[in-house]
Structures are given as C-alpha cells and as structure tokens.
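Engineer: Take this structure first; my questions come after.
The values are calculated or read from the model by the stated rules, or taken from the named source; none is laboratory data. Please read all numbers here as calculations on a predicted model, not as lab measurements. Using ideal geometry, Cβ is built from the backbone for each residue, glycine included, and neighbour counts are taken over all protein chains shown. The accessibility values were calculated without ligands, DNA or RNA, using every heavy atom of the protein model including side chains. Shrake-Rupley method; radii C 1.70, N 1.55, O 1.52, S 1.80 Å.
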Amino acid sequence: MIRDRLEGRLAEVLRRIAVAAERAGREPSSVEILPVTKGHPADAIRLVAEVGLGRIGENRVPEAEQKRAALTGSVGLDWHLIGHLQQNKARRAVTVFDVIESVDSIRLARRISRLVEEEARDDLEILVQVNASGEAAKTGLMPDEALDAVAEMCEMPGLRVTGLMTMAPFTSDEAILRETFRNTRRLAERCGQEIGRFEPRVLSMGMSNDFEIAVEEGSTRLRLGTVLFAGR
C-alpha cells in the first residue's frame, strides 16, 4: 500500500515534469529526481530503490549514518548530502556520501579535498552551492564570487565539480523564483565556458513547491520530498 502511494505520486510528478519540459522545449529525460528522505525511516529508502529511482538526498550526516547502518548497505543507491555541512562532520560525510551537493565555501572544499586523500577514496563528486537569491539567511557563495571560487575548487585534488546547486526563496512570487534559477543557470554556463575542469552536468535546483518553474529554467536535478512522501 505504501509503495502504491509512492508510485502514484511519482507518476504524477513525472507527468508534471514532462509538461513543464515541453513548455520549455526540453526533453523530460534531461531532468532527474532526487528523492529527499530526511525525516523518513530507512524503509522509505528501500521503497525509493524498489520504484527505480537511483539516488536519495539526506540533510544531516548523523541521520544518514543511522539509516545506512539500518539498511546494511546502500541498497544500490547513490547517497547525496543536500544540507549544510559543518566542518567537524566533514570526515564522516566523506565516508557516508557519494555526492556532496552543498559545498558552500572554499574553506569547506579544501577540507573535503584533504579528507578524500586521507581516506584514500575515489574522487568525490561535489556541487557548489550558490546563494543566487542573495538571502542573508542562506548559505552558499554569492554570485559575484562564485566563478573564481569554482575555478579554485576545480583544481583541488580529490574533487570532481560537476555543477551547481541553489535554493530559491520560499515564495509564491514566480518572478523571484525564475530570477533565482535563471541566475544560477547563467552562472553554470559561464563556469562551463571559462573553467576547463568544470563538468557542466548538473543544475540541482527546484523543490516540491517550485519544481515546474525550475524545469522551465533549466534544472537537471529536482530535490523532491513532500510531493513524493507527503507528511513525515
């Protein structure tokens, strides 16, 4: 029954993505879903695997550690950290996650780079978090400093910088949402043109309340929780 509900919600989300992509002249297959399982039990992650989604997003390192232990493995999924990463939890994050989407400073990137080498793991995929809306309460690089910072991160050993991530303001003002997403897309395009080692593959932007607008503005990865899992 729980799986049936998830499959039903997923089908509706995919339909909405397809409609938004068509409006933008894009292929729906160019947009992937990152189910956000924070606050949900480990069984929710099993369900994600069963319905054929290949990745999950978690906000906190300790919660992800507990769930991975409960699942006795990754159940065939890539684990993405999408929440703010504190310096003192960086080593644990490097051992738990396959992708860190919330690298929001050069200082944090340097620490992750060192830890990847110390842990002797393969290069770690990261996204650079950009504060494209300029909100004081949000973490992330400001757009006017991001290009140089991304270039520096791309030279750090042990890191593969594959794109950008942003969080739009929680608002119903479509113009503000579009501007935030558009600014991030344009910055990613500049990074791709001007930074040789930057891999312009991922634009992680759009959540349950604004994902259709994000698709129209170029998102390639949607971080979706409530719209898939409803209340916790």
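Engineer: Which GluC sites (Glu not before Pro) in region 86-154 sit in a loop by DSSP (not H, G, I, E or B) and have at most 11 other Cβ atoms within 10 Å of their own Cβ? Intermediate values should be presented prior to the final figure.
Structural biologist: On the way: sites: Glu101, Glu117, Glu118, Glu119, Glu125, Glu135, Glu145, Glu152; in loops: Glu119, Glu135.
In loop regions of region 86-154 (DSSP not H, G, I, E or B), there are no sparsely surrounded GluC sites (Glu not before Pro).
Engineer: Also, quick follow-up: Please identify which residues in region 164-181 have an amide N closer than 12 Å to a label point set 7 Å out from the Cα of Ala137, following the Cα→Cβ vector.
Structural biologist: Under 12 Å, as judged by backbone N against the label point of Ala137, lie 169-171 of region 164-181.
Engineer: Translational D (Stokes-Einstein, µm²/s) of the chain at 4 °C and 1.567 mPa s when Rh comes from the Kirkwood sum over C-alpha pairs? Please report the intermediate quantities before stating the final value.
Structural biologist: On the way: Rh = 17.9 Å.
Estimated diffusion coefficient is 72 µm²/s.
Engineer: Follow-up question, since we're still on this one. Could the peptides 5-16, 200-211 be put in order, highest first, of the mean number of other beta-carbon atoms found within 10 Å of their residues? Display every interim value, and only then the final one.
Structural biologist: On the way: 5-16: 14.5, 200-211: 21.8.
Top of the packing list down: 200-211, 5-16.
Engineer: With every protein chain present, what accessible area does Ile195 have (1.4 Å probe, heavy atoms only), rounded to the nearest 10 Å²?
Structural biologist: Solvent-accessible area, nearest 10 Å²: 20 Å².
Engineer: So if each residue of separation counts as 0.36 nm, and I subtract the Cα-Cα distance between Glu145 and Arg197, what length gain in nm does that give?
Structural biologist: 16.9 nm
Engineer: With every protein chain kept in the model, how would you rank His84, His40 by accessible area, 1.4 Å probe, largest at the top? Write out the running numbers ahead of the final one.
Structural biologist: Details: His84 110, His40 25 Å².
Output order, biggest surface exposure first: His84, His40.
Engineer: Set the Förster radius R0 to 45 Å, insert the Cβ-Cβ distance between Gln86 and Val19 as r into 1/(1 + (r/R0)^6), and round the FRET efficiency to 0.05.
Structural biologist: Details: r = 39 Å, r/R0 = 0.87.
Efficiency computed from Cβ-Cβ geometry: 0.70.
Engineer: Counting heavy atoms of the protein chains only and a 1.4 Å probe, report the per residue accessible area for the chain as a whole number of Å². Mind dumping the intermediate values first?
Structural biologist: Numbers: 10700 Å² over 232 residues.
With all protein chains present, the chain gives 46 Å² per residue.
Engineer: At 7 Å along Cα-to-Cβ for each site, give me the label-to-label distance between Arg178 and Ala49 in nm.
Structural biologist: 4.2
Engineer: For Thr226 and Phe170 in one chain, what is 0.36 nm times their gap in residues minus the Cα-Cα distance, to one decimal in nm? Can you show the working numbers first?
Structural biologist: Working: separation 56, 0.36 × 56 = 20.16 nm, distance 1.41 nm.
Full extension of this stretch gives 18.7 nm more.
Engineer: Separate question: For region 156-232 and region 1-53, what is the separation of their Cα centres, given in Å?
Structural biologist: If we compute the Cα centre of each part, the gap is 17 Å.
Engineer: Here's something else I'd like to know. Would you list which lysines come within 18 Å of Lys38, measuring only between C-alpha atoms, while excluding same-chain residues fewer than 8 positions from it?
Structural biologist: Partners found: Lys67, Lys89.
Engineer: What is the percent carbon and sulfur in the accessible area of the chain, measuring with a 1.4 Å probe over the protein chains and ignoring ligands?
Structural biologist: Numbers: 4970 of 10700 Å².
Taking all protein chains in place, the chain shows 46 percent carbon and sulfur surface.
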